[in-house]
Structure formats: C-alpha cells, structure tokens
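**Student:** Before I ask anything, here is the structure I am working with.
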Amino acid sequence: MSTFITNHGNKDLKKRLQELIEVSTELKFLVGFFYFSGIKEFYETLKKLYDEGKLSQEHIKILVGLNVDKGGYGLYEAATKLKSKDEYFQALINSIKTAFTSQELDNEDIYEQVRFFVKLLEEKIIVIRKTWEPNHSKLYLFKTKETSAPLLFITGSSNLTRAGLVSQNEFNVEIKDYGFEEAEKYFDDLWKDSIALSEDDVKKLVYTIKNETALKDVGPFSAYVYLLKTYIETHKTKDTFNDLVKLMERKGYKPYSYQLEAVSQAVANCKSHGGTILADVVGLGKTVVACMVAKALGKRGIVIAPPHLIGPDDKSTGWKKYLEDFELYGWEAFSVGKLDKALEFVREHDNIEVVIVDEAHRFRNENTLSYHYLKEICRGKTALLLTATPFNNRPSDIFALLKLFTIPKKSTIVFDEDLKSKFEEYESLFNKLSYIKNHYNSPNKKKRERALNYYKEIFGKNNVVVEIDNVKTETKDLARHIRSILEPVVIRRNRLDLKHYKEKIDLPEVKDPIEWFYELTKEQSEFYDEVISAFGEEELGGRFKGAIYIPIKYEKGIKDDDEPELKDEESFLLTYQRNLYDFMRRLLVKRFESSFGSFYESIKRFKSIHETALDFIKKTNKFILDRKLMEDLAEKDSDEILKELEKYEQNLKEQKTNAEYYKVYDLSKFKQKDKFIRDIQSDIKLFDEFLQKMEELKLTQNDPKADRLIKGIEEFLKEGRKVVIFTEYTDTAKHLEETLKRHFKDKVLVAYGNIGKTTFEEIAKNFDAQYKYQENKYKILLTTDKLSEGYNLNRAGVVINYDIPWNPVRVIQRVGRINRIGKKVYDEIYIVNFFPTEQGADIVRSKEIAQTKMFMIHSILREDAKIFDPSEEPEPSKLYKRLNEYKEDKEESFFTKVRDELSQIEESHPEVIKEIQNMPQRVKTAKKSDKNELMVFIRKGKDLFVGYKDYAERQPKTVSFEEVYEKIKATPETERLKVSKDFWSNYEIVFDKKAYTKRKSKPRAIEEKALNLLNDLKDKDIGELKSFVLALIKDIEEYSSLSEYILQKIIKIEKHSDNIEKVKKELEEIKKEIGEDFIERVESQLKLLDLENQEVIMAVENQKFTDEM
C-alpha cells in the first residue's frame, strides 16, 4: 500500500512527519540540504519527546547530499564535488553561514527553536553527516513502535525545509509494505561511506551557528561601534588616488586630505547614484575637488558654468585653466547662456560621459527652457553639481536638482526607490505649512479659514485654533527629512570640519558684521517709510496696484481676498501673475534699500513701462502679458532684470501680439475694465510722486549713505586693508562709481556688467593673493554679485554690503571671496552692513530706527528673505540681530562627528574593534530607552538606509543614520536585552516597501494631462511616431524623467488635436528636443545602478524603560 503526499489539503509532509516522529525509535533522513527552515514543523514533537526523556543518542541521523548557496531568488541547493574532508566540512560550515544570514531563515520561529536543535547536536541526539558525492535524493526512514507499520519510508521531492514540508507543491510517496530493507541499506551504505563529524567538528558547527550567523548575541555597544564603522565605510572608496596626488603636486596644488576624502566619496556616489552634489561651503575649493573627481573617473565630459567663471581662451583663469591644470584633455566648458550649443555638442560626441554644473542652484525650475536643456545634457550621464546652497530651497527646487542625475521613480538614493512620491508629499506639506505661517493671523477672514483648514489636515480635525509652535516643529521635521534624503549624495564640509584633518589649515577669523548708520533728515526718514509702505499688501495699506502684472484679476473680477473656482489653466495663470506682482513690488523695495540712485532709475523705468502699456490699451483695447516674463526675470541676475523689462516694453510699443508665450487679453471681455485702467493710472501717479519727492529731498545728489561709505573706507585704508564693495544692482554700482572715483581717484577698480579680460587681470593682480603676478595699484574694488562666485579676492580684508543681502547665503558667498583656502593675508576679516537712522539719534535710538525700517522691508519680502528658518517667527529685534551676525555652519558636519567618535573608540576600546571585524549580517540587539522603537540598518548599493518603526505608529519610515544616531548610542556598560514580543511583527513591517507610502501617489495634474493625451495619440494614425509616443507613456508611468517643460509641450499638442499633421509636427519637435533614444538612455543608466542588491546589516530595538524592567 502507498500514500501520496503532495502538500495539498490535509496531505502535507509536515503533519505526517509529526505523527511518525512521535512514535519512532530511530529516524534516518537523506536530504539535499538541511538548513533548519523546517524545524518548526517538528520542533514541538521533538521537544515533547526530549522533555519526556524519550530521545536517545543517534535518535536522528541526517545525511546531507548537497551544499547551499544564495542567489538572486534566495537559497538554492548546490552540487559541489570536493577533494578532502576538510573541504567538505568547510563547505558545510559555509552553507550554515549562508543559510542563517538569509532572508528565508530570518524569522521568529528560527530564533526561538534553533537553540534547541543546537542542544540536540551537542548531546549527539541529532547526528549530521555529509555525503562524499553530491546526492539529490530525498529519503525519510522511520522505525516505529507501531505494530501495524514498524518500518516505513517516505521518498519523493521534499527537502527538510519549510517549503518542502508545507508551502511548496511537492510529490512524495509513503511506502509501508515493501522495500524498507533495500532503502535502509542504501542509506546505511551512504552513511558508512560519508564524512563523519568529530566532536571538534560539532563544536565548530555549533560555534558557527552561535557566533558567525544572524543568531549571534551582540551587545548594544558592539552594535553601535559596528554601525559607526559601516557608516564611514559607505562614504569611501578604497582608491588612494596616488596618481592624482602626484599630478596636483606637479601642477602646484596642495592635495589636502579633506579634498581627497571628498573625491573618494564623490567617486563612490557617481558609481552608485549616477551623480553627486559637491556642497562644501564657499572658499574650500569645490572647483578643485570637481576636477579631481573628473580625473579620478577617467572619462570625458563638459563643464556648465556662469559666463564669468569660464575663463579666457588663454586658460589663465577660470574653468579653462582648471581643465588644463588637471589634464582633462578633450573636456569643454560652456556658459549657462549657451546651453543649446552644449546640448548640440553632447549629442554630436558619444564619448561625453560626465557633466559638471557650477552654481547648480540656478537650475531649480523644471518649467524653464534652460532647465530642459540641462536635463537633456545630463540624461544618461554622470552629473557633478556644485552648489554651496543645496538646502536653501523649497522641496520642488531640490527635487529638480536631483532629477538631473537620478531617475525619480527608480532612484537609488531612497530605500523604496520612489523619490518622486516623497518630494510631491514634501512639496504639498511645505506649501500648506507656509500658507498657515503666513496667513493664520491674517486680517483677511478667508485666508485665516483656509490656514485653519490646512492646519486641521496636518494636525487633526479636532483643532479649532492654529498652534503656531506645532507648525514650526513640523517645518523643522520636514527640513530634517529632506536633508536625510539628500544625505547619500551630498558632500558638505565647513571650516570647522577642517580642524579635524591632519593638516593645519590656517584661516582668518570672520567677525560679525559692523553696523554703519547713515543719517537721514526727518523728511527723508518719513519718505523712506512711505516708500516701503507703498509696496506692502493692499489689505495692509499698500498703494502699488501692479495691475499690468495681474490682468486676470480684472478679467475675471477677482477680489483680493477671493479664492475663486477657476479652470486649471486660469488657476495656473492667477498663481503665476500673483507671483509676478509680488516679484515686482519686492524688487522695487530691495532697489530702494540698495540706493536712492538705483531706486530712482527703477521708478523711471517702471513709469515708462506703465505709460507704454496704457497707450497700447487705448490704441488696441487689448493687453498682452508675456507668460515667460516671470521665468526670464527669475533666471536673470539682479542687474539684468530691468533689461528684460525694457524688452517687454519695446514689444508693447511695437504691438507684438503673436509671440508663442504671449497671453492676449481683450479688454471688452473684462469684468473690471475701468478699474484695470484706473489702477494702471494710479501706479503711474505713485511713480510720479516718488520721482518728485526724491528730487525735492535731493536724495540722488546728496546721498547720506554714499557719504558714510566714503568715511568708513578711509578708516580701513588707514589700517592698510583693501576693501571689496558688493551691491546687487548695476544701477547702484553706477551711482557709486563716480562718487568713489572722485574721492579716491585711481585707487578704485570697478567691475560690473560685462567684465572684460583686462579687468579680470587687474582684479587678479591686485586682489588675488595666489596670482603669480602681483600689483598694488587698486585698494578698492566696487562690484556686483557677479564676483561673489568663483573668484579669489583674499588680498582684501573687508566685505562691504552696500545693500542688505536678505539671503544669508549671499553674505557667505561674498565673504567666501576673501576667506579662501590657500594664502592667509589677515588674521581677522570684517563685514560691514548699512542701516538708515535719523540725524541726531544716539546709538540706541539708531538701532531702534534701523530695526523698525528693516522689519518693514522684511514684511514685504517675506519668503524671499531667507533670514529666518521656515520654522521661525520673524520679530524686529531678532531680525536686526540676525542681520548683524555672520552665520556659516556652526558645528562640524555629521560625517566628521562620526569619524571622530569612531577614532576615539578605536583608541580606547581596541577589543571591540577586533570583535566586530567579521560581524555576520542580520544580527539583532535590544537595549533600554525612552521609547519602544525599532531601527533596521540596510545596506543597499554603497549606502546605509535605516528603516525606522515607532511601535506607537502604524507606518514605518526611512530615516537617515544621523536621525537615529542618538537612539543607537551605547556604552560598554549598556545592558543587552532580549528582543520584545513586538519585535518580529514590526521587523516584518520594516521590510514591506509598500508600507512606507502614506497613500498611492496619483499623477500630478500636468502628468495626468500629458498621459491622457498620449494614450489618445497612440491609437491615432501617427505612423512611425507611435513608438516614440509609447516611450513617452512608459517614461511618465515608470521613470518620470521628463522635465515639466517637456510635459507642458506635450499638453499643448491638444490644441491641434483635430489636425493630425500638426500633431505629428509637434511630436517631431519634442522628439528633436529630447532625442529619439531618450528612454534607452534612461534604461542604460538603470543597468549601471544596482537597485536589487541589498544587505540587512543589523536591527536595534529600543525598549521603553519601566520600573518592572
């Protein structure tokens, strides 16, 4: 008689084994491999027999025919023929290690029960042997106490694993009435000729299980040290870059260890992620590091940089000099103004593999043509992005930078690969928090209500008032989360970090800014306040209407406090035009603070534009607004904005209404036509008032601010200090040039606008301490922010901010010109800021006046000013204090902190370093803490990700190592606890990637529109373009690599939907823009990146301390 056992229904091998083991006096198993995943299936039966004393020595004989190995789909049997017993035994040991560090055996059952089986091994109740020859047979022999079936055996396909016993489809047969003796002889012959394990072998096997697998008991301190070591190792390559060091020394560069460390990190990032962000603070030599990385990568590439950083053709300065010095032959440098030429060059040269982008923070708007060009230049390439300000932006800006080298829906820089969903979530939260912060106490009831609704969305529906402290905390948390996302690809050190390297790098001390007060008469001071107030919000008494920048408001009859229901296109236009209006009023306020001369010129230009617009309206009964105007203005340097407005004015004069981006308004369809015209006339009247008042008060002829500047410079020159005067605006520089030259004669060097080669040479000779040809002709350098990036001006000892740099990064950039790695000239560096006061005011009163006026300006600039963190509430006294302190990073980087901590431990606890040398994967430890939580450390590619689970919350989240650093900290005295009863359920959740997303990400409106349109087009008669359309669909659904600029172009095809030839023409244009092979380049990049390979390093559980513990 025979019984078939298939693991279907109630016919599973597990159940039958349990029944047979309970009544057996001897068991003999021949299996492919026994790696304990099946032990639960008969653990309870054996445990019961053991406790009853019914198991004797050699009760169970297990003969193993194969080894085990681990592949892409988990564990598998491996038939390996070896020569000696030692080799076979080592193969068995290796198989044990492989099995017990695998995902399949990383579960609660194994951890609870394997120790019992180790005990059976030690007591020789279970005896394991290995066949000499590989053997695939599966044979289970039972000698039982049952008189009806004293001898029986099972044979078939099942291994002694959980899958073989329960979950996997198998075919086995149980035979009772014949063949047992023959089967047993087969087993016994193999057993007799097999490799027996000596007592020492068994001890080694047991030792391996206990100490070289995931079952190893690891103390919290050892775990902490091992994680520190792992974190540091993820940031380095093994290359020592000896050839690079020799090249630098030969070319006259000093190879600093902090720079070599950055190269190591950057090369690792490029190989793992397709790019990196070099974000060292200004003055530490990002350009040199970028060239070192390019040389280390050994590939040809191009540089994209602002025009003034490219350098002349003689390669004496700028990027052209650096490319020559580092022997990056075949590399080319392109200006940001010639991105179309750069893209053409890249497409013509297949061997361009690397793109360096200097001042990469300029490219943060996906909707712009320049971003589109850069995105296509970088597509499928390795990108090195240089910026000192990677965090000083909104989430969408940061995402745009990352998108230059990572594939948003298949990103290696986040654990679950879906970078896109994360940043959409961050952007939405950022917008809501910003709205709450700006409007929770607004005089406008609708805005207050909307702010409260957003607050309820974030913090719970039961809230009836906005607690602004909660908003601040959430904003800080959001910033921390974004930093943790960037951590794998950002390399950032500051001057404090340099103290932790072997070289002594001597840098001057940067003192907090000095206040220079310039005195206004009472009338001038009142006029100052009047101007600032005029450009405030209308609901707060602002007089500037800005009607020509927001025509949709008058077309639709929208009131200022309205949140109207509009179509998507109209809603986009309203937001765009409101932003343009805000941009213009803030621009005028900043120009007024800069200098009266700059403001005077700006007001004249704005008046002229408004008069031209009014004239255009009267002649045509139409109005045009360039929809690209905001984009163009945002991308231009401050001193180029008026030129863009001049172009717009000229087009109005010429009555051009057919440009691609022009929105033509028919005033006959305006709900508020008369108000539109009245408001334009009102603004013209306002400009006239200001021009007249400035002439009456003689503010341009007798400028008290310029007078204070001259007096202050005289004092510095007496001290032997050269000075650099920075202003944001060319108009201000022009206003000052004549005054300075009249007073200081030929000591003044002026550099603004298009700076020629001769001027650059004069700057280098007189202000760059490292330039080989030194002169001392000029003592004063007057310039705009064109020189705040990429230049050495370290022979100057003072930076004078003629206008307030409302973004602190600008101060750091300016100071970074004189605070450089290399030759130290001054022990201390000074910064000067200007503030208005009134004649006769003492120092205390002057500070009060300045504080009030600066806060008025800040209230208009709002988010344009970066003085406060988003989580902070602006206050006048705090603002003034912040403006008068120099704030670079106040502490060393986290990487430096970890490296120093590890170095100290290596010195004081060498025994722990030795202990962790061969730490197995997937080990667990637990310790006391103030919260029940779990941290699982996973190495994916080169990076260390942390899956974090707070036991009080449903969802896990990915966090950075920095965020859990304090949570895993331990000392040698920290007690190791057993993992809690909640550990395993939470451990499983951490590995479920779907658990991390709060909700399934829907396509954004722009993507959804593009996708719907493309899905319609694929079924139309578009010929060979169908494959291109399918590639576009695939990208949107799977990769999301297209820029918003291209998505907008796709959407615009809809207006030609009735004309198939025009549709095809538009598709051909898009294909030309991004290349027919765009999707192949994305997929080629994916092949180079290792998305699948991940190793679970360790799990650390914190258990909340209670009195019972």
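**Student:** Hey, which of these cross-link pairs are over 22 Å Cα-Cα: K499/K779; K85/K192; K437/K887; K949/K1087?
**Tutor:** Those over the limit are K499/K779; K437/K887; K949/K1087.
**Student:** How are the C-alpha pair distances of segment 417-485 spread across 5 Å bins, as whole percents from the shortest bin up?
**Tutor:** Whole-percent P(r) values from 0 Å outward: 3, 18, 26, 23, 15, 9, 5, 1, 0.
**Student:** How big is segment 702-764 by the Kirkwood estimate over distinct Cα pairs, in Å?
**Tutor:** One over the average 1/r among Cα pairs gives 12.8 Å for segment 702-764.
**Student:** Now, a different point. Classify segment 814-869: rounded, prolate or oblate, from the alpha-carbon gyration tensor (a ≥ b ≥ c, eigenvalue square roots; a/c under 1.5 rounded; otherwise prolate if a/b is larger than b/c)?
**Tutor:** Taking the square roots of the gyration eigenvalues as a ≥ b ≥ c, segment 814-869 is oblate.
**Student:** Further question: Give me a comma-separated list of calculated 3J(HN,Hα) values for segment 1041-1049, in order, Karplus coefficients 6.51, -1.76, 1.60 applied at θ = phi - 60°, integers in Hz, x for any Gly or Pro.
**Tutor:** In residue order, the calculated couplings are 8, 6, 6, 5, 4, 6, 4, 5, 5 Hz.
**Student:** Could you tell me the convex hull volume per residue, in Å³, taken over the Cα atoms of segment 1000-1109?
**Tutor:** Hull volume over Cα atoms, normalised by residue count, gives 155 Å³.
**Student:** Next up: Please go through segment 903-975 and write out the GluC sites (Glu not before Pro) that DSSP classes as loop and that have at most 12 other C-beta atoms within 10 Å.
**Tutor:** Answer by residue number: E953, E973, E975.
**Student:** Specify the angular offset, from 0 to 90 degrees and rounded to the nearest 10, of the alpha carbon long axis of helix 641-653 from the longest principal axis of the alpha carbons in the chain.
**Tutor:** Approximately 70 degrees, to the nearest ten.
**Student:** For segment 1031-1080, what is the convex hull volume of its Cα atoms per residue in Å³?
**Tutor:** Hull volume normalised by residue count: 71 Å³.
**Student:** As I understand it, the value is the acute angle between the Cα axis of helix 568-594 and the longest principal axis of the Cα atoms of the chain; what does it come to in degrees, rounded to 10?
**Tutor:** It is inclined by approximately 60 degrees.
**Student:** Can you return the aspartates and glutamates within cross-link range of K1065? Criterion is Cα-Cα under 15 Å, with same-chain partners fewer than 8 residues away left out.
**Tutor:** Answer for K1065, where 15 Å is the Cα cut-off: D1021, E1024, E1054, E1073, E1076, listed by chain and number.
**Student:** Hey, how much of the P(r) for segment 273-402 falls beyond 18 Å, as a percent of Cα pairs?
**Tutor:** That fraction is 50 percent.
**Student:** Are any of the pairs K502/K942; K271/K1020; K204/K914; K422/K981; K461/K931; K472/K940 more than 30 Å apart by Cα-Cα distance, and if so, which?
**Tutor:** Beyond 30 Å: K271/K1020; K422/K981; K472/K940.
**Student:** Angle, helix 220-234 long axis vs. longest principal axis of the chain, Cα atoms, 0 to 90°, nearest 10?
**Tutor:** That works out to roughly 60 degrees.
**Student:** Taking the Cα centre of the chain as the origin, how large is its charge dipole in debye, to the nearest 20, when only Lys and Arg (+1) and Asp and Glu (-1) carry charge on their Cβ atoms?
**Tutor:** The calculation lands at about 1160 debye.
**Student:** If each Cα of segment 679-816 is one equal point scatterer, what is log10 of I(q)/I(0) from the Debye formula at q = 0.09 Å⁻¹?
**Tutor:** Each listed q corresponds, in turn, to -0.32.
**Student:** Follow-up. Identify, among I209, G941, A547, the residue whose Cα sits farthest towards the positive end of the charge dipole of the chain, taking +1 on the Cβ of Lys and Arg and -1 on the Cβ of Asp and Glu, with the dipole about the Cα centre.
**Tutor:** A547
**Student:** Follow-up. Expected output is a single nm value to one decimal: the length gained when fully extending between S137 and E695, i.e. 0.36 nm times separation in residues minus the C-alpha distance. What is it?
**Tutor:** 190.5 nm
**Student:** Rounded to two decimals, what ratio of Rg to Rh does segment 427-534 give with C-alpha atoms and a Kirkwood Rh?
**Tutor:** On the Cα set of segment 427-534, Rg over Rh gives 1.19.
**Student:** Sticking with this one: Here are labelled values, (1) 2, 9, 14, 15, 14, 13, 12, 10, 6, 3, 1, 0, 0; (2) 2, 9, 15, 18, 18, 14, 9, 6, 4, 3, 1, 0, 0; (3) 2, 8, 12, 16, 18, 17, 14, 9, 4, 1, 0, 0, and one is the computed P(r) over Cα pairs in 10 Å bins from 0, in percent for what I pasted. Which one?
**Tutor:** (2)
**Student:** Only Cα pairs under 8 Å and at least 6 apart count here; give the relative contact order of the chain as a rounded whole percent.
**Tutor:** Relative CO of the chain lands at 13 percent.
**Student:** Suppose only helical runs count, i.e. DSSP H with n ≥ 4. What mean residue ellipticity at 222 nm does that imply for the chain under -39500 (n - 2.57) per run, divided by all residues and rounded to the nearest 500 deg cm²/dmol?
**Tutor:** One gets -14500 deg cm²/dmol as the mean residue ellipticity at 222 nm.
**Student:** Which of the peptides 367-377, 20-30, 139-149, 723-733 is most tightly packed, and how do the rest follow, judged by the mean count of other Cβ atoms within 10 Å per residue?
**Tutor:** The densest-packed peptide leads the list: 723-733, 367-377, 20-30, 139-149.
**Student:** Sticking with this structure for a sec: For segment 927-1034, which trypsin sites (Lys or Arg not before Pro) are in a loop by DSSP, counting at most 13 other Cβ atoms within 10 Å?
**Tutor:** K931, R954, K978, K981, K998, R999, K1000
Quick note: the coordinates plus some simple rules give every number you see, no bench work behind them. Values in this document were obtained by computation on a predicted structure and should not be read as measured data. FYI the Cβ positions are ideal-geometry reconstructions off the backbone, even for glycines, and counts take in every protein chain you see.
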